[in-house]
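The values are calculated or read from the model by the stated rules, or taken from the named source; none is laboratory data. For clarity, every value in this text was computed on a predicted model and none was experimentally measured. For neighbour counting, all protein chains shown are included, and Cβ atoms are generated from backbone atoms with ideal geometry for every residue, glycine included. Calculation scope for accessible area: heavy atoms of the full protein, side chains included, ligands and nucleic acids excluded. Shrake-Rupley method; radii C 1.70, N 1.55, O 1.52, S 1.80 Å.
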Amino acid sequence: MSQIALITGGATGIGAEVARQLAEGGTKVAICDINSAAGEVLANETGGIFISCDVTSLASVQQAVATCTEQLGVPDFAHLNAGIMTVPTNAPYLAIEDVSEAQYRKIVGVNLDGIFHGVKALLPKMREKGGGITITASTAGLGVVPVDPMYTATKYALVGFGRAVAAANAGGN
């Protein structure tokens, strides 16, 4: 029986490469992302499924997990990978005092809320079955990205969150 993986932020970048490598190894992949065009292409390429998912919304993540469970089964592995920087790649540096509240809310919503939503939706199902959840925190979670303090802050938070959740669930608690 094939293993099942759910990947948020799975349509491009690191998430897409994880999906490809897992699929090459025989894992059934559920690619969850807001980028439906790239997600559909990748799902076809990997033999997986694409699920539209906005990680900033708990309801959207819960629906994605439900869809994955209905179509493939409860995941054996989840990679909570969705993440953004304060400004798009190749955009000019933005001083922290120039970051708008909307930009702040967006990066916290994707990078931190998205991980919380994923763990909240997946952990009870995966605890029963067994499996693992990984979180993409970036080297920014261990160092600093001076050109993007908010990215650094959210990634530091993920390192602490991941360690705390792992400790709280060690030994099947």
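Quick rundown of the values:
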item: Cα-only Debye scattering, the stretch 16-173: base-10 log of I(q)/I(0) at q = 0.20, 0.21 Å⁻¹; result: -1.33, -1.40
item: All-pairs Cα distance distribution in the stretch 128-173, expressed in whole percent, bin size 5 Å; result: 5, 21, 25, 18, 12, 10, 6, 3, 0
item: Probe 1.4 Å, accessible area per residue of the chain, Å²; result: 51
item: Inter-centroid distance (Cα atoms) of the stretch 1-66 relative to the stretch 98-151, Å; result: 17
item: Highest average packing first - 141-147, 2-8, 154-160, Cβ atoms within 10 Å; result: 2-8, 154-160, 141-147
item: Sequence of Arg127, Arg163, Arg105, Arg20 from largest to smallest accessible area, 1.4 Å probe; result: Arg163, Arg105, Arg127, Arg20
item: Relative contact order of the stretch 1-125, pairs being alpha-carbon contacts under 8 Å that are 6 or more residues apart, as %; result: 27
item: Two-decimal ratio, the stretch 1-80, of alpha-carbon radius of gyration to 2.2 N^0.38 Å; result: 0.94
item: Partnerless Cys - the chain, beta-carbon criterion under 4.7 Å; result: Cys68
item: Filtered chymotrypsin sites (Phe, Trp or Tyr not before Pro), the stretch 86-137: DSSP coil and at most 13 other beta carbons within 10 Å; result: Tyr93
